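Following: one structure in structure tokens, then a few remarks.
The values are calculated or read from the model by the stated rules, or taken from the named source; none is laboratory data. Nothing here was measured: the structure is a model prediction, and the numbers come from that model. Neighbour counts are summed over all protein chains in view; Cβ atoms, including those assigned to glycine, are modelled from backbone coordinates with ideal geometry. To get the accessible areas, we keep the full protein, side chains included, count just its heavy atoms, and leave off ligands, DNA and RNA. Shrake-Rupley method; radii C 1.70, N 1.55, O 1.52, S 1.80 Å.
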Amino acid sequence: MGGVNTAGVRAEAEIRARADGRGGTALPVLESRGPLALRRTRGSGATAHVSVVGAMSGPHGGDHFTVRADVGTGARLRVGSAAATLALPGQHGGRACQDVRITVAAGGELHWLPEPLISVRGSELAVHTHVDLESGARLVLREELVLGRTGEAPGRLTSRLTVRVDGRPVLDQELDCGPGAPGGWDGPAVLGGHRAAGQLVVVDAEFTEKPIAPGVPADGLAVLPLSGPAVLVSAVAPDALRLRRLLDRAPASFTPASPASA
């Protein structure tokens, strides 16, 4: 990968969600700097809703964005974004970086559901999402990656997702694609020629008593139970619309594991 350009923009955003003692969720910290803006939107019930709004395009080459979310015991938070994120080439070149750091305490719940990340031709972006959960925390996390705009070749995109429960690794995987990526990234063992890839990670204590069976409920969609207890859904599709449909339908396709395989 190319070197990080120190001339790029630095942007940070932080969310802290806490139970408010009245059955709802308070946001004592909702701060953003640089081209990232956080907006609290109308929620429902005990769940606080936050939208990440880009105050400018990007990330561009050389930029470094950091987003932190911390959910306390009894708090419920749903985070989305106002629009898809475009990874763009920078004026001076270089690699852009985006770090997402998530912590959820026991009894807390987070739905992390951003819009797709689109890798534009000529761009270079490395994304690392770190998730640390306490036992009894609940997580629903969606990631959608689109390789290039319509009729366009992609840039270089590397995405790594790390999930730990009580400090124990549950998932640590990386997807590296586009120009300069190791050979085979577009082959049948990885994307198979598709332009969109995504995953849904669900961590829920209920899976301890009711484990989910592995399966392939649809073409391009796979369900894999993890320790934790957790479930990983992986999907590939020709475009972002088909990818979203696959990921949205996945939870309804979960089937209980048989006693012999649980």
Original post:
Quick one: length gained pulling Glu134 to Arg33 fully straight, 0.36 nm per residue minus the C-alpha distance?
Top reply: 33.5 nm
Subject >> Vicinal HN-Hα couplings computed from phi for the stretch 177-187 (Karplus, 6.51 cos²θ - 1.76 cosθ + 1.60; Hz; Gly/Pro x) >> reply: 9, x, x, x, 6, x, x, x, 4, 9, x
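Using packing as a proxy for protection, rank 172-184, 59-71 so that the peptide with the highest average count of other Cβ atoms within 10 Å comes first.
Details: 172-184: 13.8, 59-71: 23.0.
Top of the packing list down: 59-71, 172-184.
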Subject >> Coarse-grained scattering of the stretch 50-175 at q = 0.09, 0.14, 0.20 Å⁻¹, given as base-10 log I(q)/I(0) from a Debye sum over alpha-carbon atoms >> reply: -0.27, -0.63, -1.11
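Assuming R0 = 35 Å, what is the FRET efficiency of Ala82 and Ala153, from their Cβ-Cβ distance, to the nearest 0.05? It would help to have the intermediate numbers written out before the result.
On the way: r = 27 Å, r/R0 = 0.76.
Plugging the Cβ-Cβ distance into 1/(1 + (r/R0)^6) gives 0.85.
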Original post:
For the chain, treating each Cα as an identical point scatterer without solvent, what Debye log10 I(q)/I(0) comes out at q = 0.11, 0.13, 0.14 1/Å?
Top reply: -0.61, -0.86, -1.00
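Work out, step by step, the length gained on full extension between Thr208 and Asp99: first 0.36 nm times the residue separation, then minus their alpha carbon distance; give nm to one decimal. Please list the in-between numbers first.
Details: separation 109, 0.36 × 109 = 39.24 nm, distance 3.02 nm.
36.2 nm is the gain from fully extending Thr208 to Asp99.
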**OP:** Mind checking the per residue accessible area of the chain for me, 1.4 Å probe, whole number of Å²?
**Re:** 46 Å²
Subject >> At R0 = 25 Å, FRET efficiency that the Cβ-Cβ distance of Gln173 and Leu113 yields, to 0.05 >> reply: 0.80
